[in-house]
1. Being open to solvent by 30 Å² or more (accessible area, probe 1.4 Å), among the β-branched types (V, I, T) and not in a loop (DSSP other than H, G, I, E, B) narrows it down to one of V329, V318, so name that one.
2. How many of the residues in the range 348-363 are touching a residue at least 12 places away in the same chain (Cβ under 8 Å) and more than 22 Å from S5 (Cα to Cα)?
3. Show me the helices (runs of 4 or more DSSP H) entirely contained within the range 1-114 in which 2 or more residues are open to solvent by 60 Å² or more (accessible area, probe 1.4 Å) and either of a type in the set (S, T, N, Q) or over 24 Å from T187 (Cα atoms) (or both).
4. Within the group H135, H77, which residue is modelled with pLDDT of 95 or more and more than 28 Å from V204 (Cβ to Cβ)?
5. For the range 210-237, which positions are closer than 20 Å to E8 by Cα, open to solvent by less than 20 Å² (accessible area, probe 1.4 Å) and outside any loop (DSSP other than H, G, I, E, B)?
6. Mind listing just one residue for me: the one in the range 187-204 that is of a type in the set (D, E, K, R) and assigned to a helix (DSSP H, G or I) and, of those, farthest from L248 (Cα to Cα)?
7. Consider P316 carefully, then state whether it is in contact with a Cys (Cβ under 9 Å, 6 or more places away or on another chain) and at pLDDT below 95.
8. Just to check your reading of the model, which residue among F207, F184 is part of a strand (DSSP E or B) and not basic (K, R)?
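The values are calculated or read from the model by the stated rules, or taken from the named source; none is laboratory data. Every value quoted in this text rests on a predicted model; they were computed, and no experiment measured them. Note: ideal-geometry Cβ built from the backbone for every residue, glycine included; neighbour counts use all protein chains shown. Keep in mind that these areas ignore ligands, DNA and RNA; they rest on the heavy atoms of the full protein, side chains included. Shrake-Rupley method; radii C 1.70, N 1.55, O 1.52, S 1.80 Å.
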Amino acid sequence: MKLYSKEEARHMLCRYHNLDGAESLCGKKGVEKIMQRIHSIQYDPLNVVARNADLVLQARVKDYTESILYNLLYQEHKLIDGFDKEMCIYNTTDFARFQFVRNEYEKHAAPTLRHRNQTGVLDILDDVRDFVEKHGKTGTKDISIGEVRESRWGHKKLSSAALDYLFNTGTLTVADKRGTQKYFDLTERVIDSKHLSCAPDMSVEEFVEWYIERRIQSVGFLWNKSGGAWQGRFLSDTKLRSSTLRTLVEKNRIEEIQVEGIKEPFYFSKNFKQYMTTQKPNSYVRFLAPLDNILWDRQMLELLFGFTYRWEVYTPAVRRTYGYYVLPVLYNGRFIARFEANPIRESQEFVIKNWWWEPGVEPNDEMGEMLAKEMERFAEFLQIDNSSKNMMKLEM
């Protein structure tokens, strides 16, 4: 088992995700290529600076714009919304295999509906499906079937909960989205028929092997410790995951490496090998999303990068260490800072509200130059002006 230093491991991860800009991934083709590599990115509707999925892609792909993701999701349907780690965006070619995950949702749906006093959902599924079949793209505001009642569980209308149920079981998919409003249509009318069902002889064991290898690829490499990177049905089962990792090693589909100072081995897939180089990239800075793939396992992040990060949007203001929506700053394979920006839609300008340097970071001229370049690039992605106040706030 080969041993790497933490610095080498960090550079390999950043190279794999193209955070160092070593590959000329650009525009729509660049998004398609990086999605084929990492398979899945987490979706979150909050839009303070930009939505999480867009922030993930802008850090990896040159000249990325939000319209590219919209096009791939809702016009070409090469990408699709669906549950993976959490609600995610993934390649439509994976949809069929996720039937195993959707089946698990269906198995556990009835107890959840009973707990929420929404079992009436099961009585109107056919009616809701027929409505969508007749009317096409349907949002929750377009349909009202069943009871309307106050609820602590999100939807007040049973028909809205039924739309979610049919989405989670695969009958419907998100065919369009306007802001955060989803519009559903029959899955068979949205995506190509060849992606609707997986090989009939595929076993659950074969699916889990595929799923675990795929999740490793989503991060780059992973250890076998429970955490955010192993969230989701099947993967959070420690016993199942451990036995499957052993099987994948035996089948030579994944390999192990050791990182200096960390007891647990790390697993990587074959496609990671081409990024296992100790060659240092050109200098770079990237602003990362709060739910970026390399942040999925916070304990692994802390041990590898020496960076402690917590997303504090759900933390009461008085208990926050930093701010509401804080973005990490990556510089040449290490995290040097984090910042909170003013809400973009309010100011229509990229203005940093708060900036926190990491302990031990000593800013220099090169770092300042790279930060200025990234601020300009980031503002171009946001399609707004970059405030001249930002560099003053950094106190270089």
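1. On the way: V329 fails: open to solvent by 30 Å² or more (accessible area, probe 1.4 Å).
When all the criteria are applied, what remains is V318.
2. So in the range 348-363, the residues touching a residue at least 12 places away in the same chain (Cβ under 8 Å) come out as 348-358, 361, 363.
Those still in the list that are more than 22 Å from S5 (Cα to Cα) too: 348-357, 363.
Matching residues across the range 348-363 total 11.
3. Hits in the range 1-114: 6-16, 27-38.
4. Testing whether each residue is modelled with pLDDT of 95 or more and more than 28 Å from V204 (Cβ to Cβ) leaves just H135.
5. Matches in the range 210-237: I216, S218, V219, F221, L222, W223.
6. Restricting attention to the range 187-204, the residues satisfying the condition of being of a type in the set (D, E, K, R) are 188-189, 192, 194, 201.
Going one step further and asking which of them are assigned to a helix (DSSP H, G or I), we end up with 188-189, 194.
On the way: E188: 33, R189: 36, K194: 27 Å.
Once the filter is applied, the top-ranked residue is R189.
7. Numbers: in contact with a Cys (Cβ under 9 Å, 6 or more places away or on another chain): no; at pLDDT below 95: yes.
No: the conditions fail for P316.
8. Values: F207 fails: part of a strand (DSSP E or B).
Result: F184 is the single residue among F207, F184 that is part of a strand (DSSP E or B) and not basic (K, R).
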